[in-house]
Amino acid sequence: MSTIKIAGTLYQLQQLDLELERLLAEQQALANSLQGDPLLKKLRAEHNIAQQQLHAGLQAQKEAEWALEDLDHRLRMQEQRLYNGSVTNPKELSALQQEVQRLRAQQKRQEEMTLEVLLATESLQETAKQKAEALRQAEEKWTEGNAAGMMRRSQLEAKQQELQTKREQFVTGIDSELLKRYEALKRSKQGRAVSKVEQNSCQWCRVILTPSEMQRVRASTELQTCSNCGRILYYDR
Ligand SMILES: [Zn+2]
């Protein structure tokens, strides 16, 4: 095999490796985005808080209504006693009248309080409804995006399998010493072991090759490396 051809084979291998690298980066980014959505987390937390507040509000409303019922009942009992003629003693009657008045005032205050609690609960109910709706919409959107992401993930996996197989087949045709040299260079040169020569210069570092270097790249029986960046030079005529 000519040197140019060997360098060309390594260059092709590099193209495969770069494609695999890009694929891996996309897979990683996808895995990160599928993991968790900060907006969803925030909306779930807000929805939870709104639910708890509503629960507390409904409890307060129930208690206010019970207190009002209790007062109504007590007031009815005393009014009955006051108007059914069972109490005749003036002193007792006056005390009863005072008691009825006191209960009426208390009932009025309790009615106002109950109304306030009711309005507060209504507002909490509205908030909880809004939070639930916002969460539902975000979850729906996430599921849609997730479905597309899931599909993309299996596409990427299939593509990766295909490329891996292609690479395995490809390297069987490469001398093992040469492959070792390529792998070592790849590790030390940011994944780029081979650089193309175009317009008499190294495409990676842009250094211009001297005429004698160009001559060696074209005709030498040994692989030539860039005098500046150290990468294997590949000349494609
Ligand atoms: Zn170079």
Boolean, Ala56 is open to solvent by less than 50 Å² (accessible area, probe 1.4 Å) and either in contact (Cβ under 8 Å) with a residue 24 or more places away in the chain or in a helix (DSSP H, G or I) (or both): no
Region 103-133: number of residues that are without any contact (Cβ under 8 Å) to a residue 24 or more places away in the chain and under 16 Å from Glu63 (Cβ atoms): 5
Options Leu75, Leu93, Leu43, Leu82: the member that is part of a helix (DSSP H, G or I), surrounded by 16 or more Cβ atoms within 10 Å (Cβ to Cβ) and without any contact (Cβ under 8 Å) to a residue 40 or more places away in the chain: Leu75
Selection within region 183-199 - of a type outside the set (A, V, I, L, M) and either within 12 Å of the ligand (Cβ to nearest atom) or loosely packed, with under 13 Cβ neighbours inside 10 Å (or both): Arg187, Ser188, Lys189, Gln190, Gly191, Arg192, Ser195, Lys196, Glu198, Gln199
Long-range neighbours under 7 Å by Cβ, at least six apart or interchain, first residue at positive phi and free of Cβ contacts under 8 Å to residues at least 24 places away in the same chain within region 194-205, second more than 6 Å from the ligand (Cβ to nearest atom) and assigned to a strand (DSSP E or B): Asn200/Ile208
Members of region 228-237 found to be open to solvent by 40 Å² or more (accessible area, probe 1.4 Å) and within 11 Å of the ligand (Cβ to nearest atom), listed by number: Asn228
Only one of Arg81, Arg102, Arg109 that is among the basic types (Lys, Arg) and in contact with a Leu (Cβ under 7 Å, 6 or more places away or on another chain): Arg81
Filter result for the condition that a residue is surrounded by 15 or more Cβ atoms within 10 Å (Cβ to Cβ) and within 30 Å of Arg181 (Cα to Cα), over Gln27, Gln15: Gln27
Top-ranked residue of region 162-177 - restricted to ones that are assigned to a helix (DSSP H, G or I) and in contact (Cβ under 8 Å) with a residue 60 or more places away in the chain, ranked as least open to solvent (accessible area, probe 1.4 Å): Leu163
Filter result for Lys180 (open to solvent by 60 Å² or more (accessible area, probe 1.4 Å), outside any strand (DSSP E or B) and not hydroxyl-bearing (Ser, Thr, Tyr)): yes
Residue among Thr165, Thr225 that is within 16 Å of the ligand (Cβ to nearest atom) and of a type in the set (Ser, Thr, Tyr): Thr225
Some residue of region 154-161 being within 16 Å of the ligand (Cβ to nearest atom) and open to solvent by less than 50 Å² (accessible area, probe 1.4 Å): no
Scope region 202-222; condition open to solvent by less than 40 Å² (accessible area, probe 1.4 Å) and more than 8 Å from the ligand (Cβ to nearest atom); matching residues: Leu209, Met214, Val217, Ser220
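The values are calculated or read from the model by the stated rules, or taken from the named source; none is laboratory data. Since the structure is predicted, the reported quantities are computational estimates derived from the model, not experimental observations. When we count neighbours, we look across all protein chains shown, and the Cβ atoms used for this are built from the backbone with ideal geometry, even at glycine. Each accessible area value is taken on the protein alone, full model and side chains, heavy atoms only, with ligands, DNA and RNA left out. Shrake-Rupley method; radii C 1.70, N 1.55, O 1.52, S 1.80 Å.
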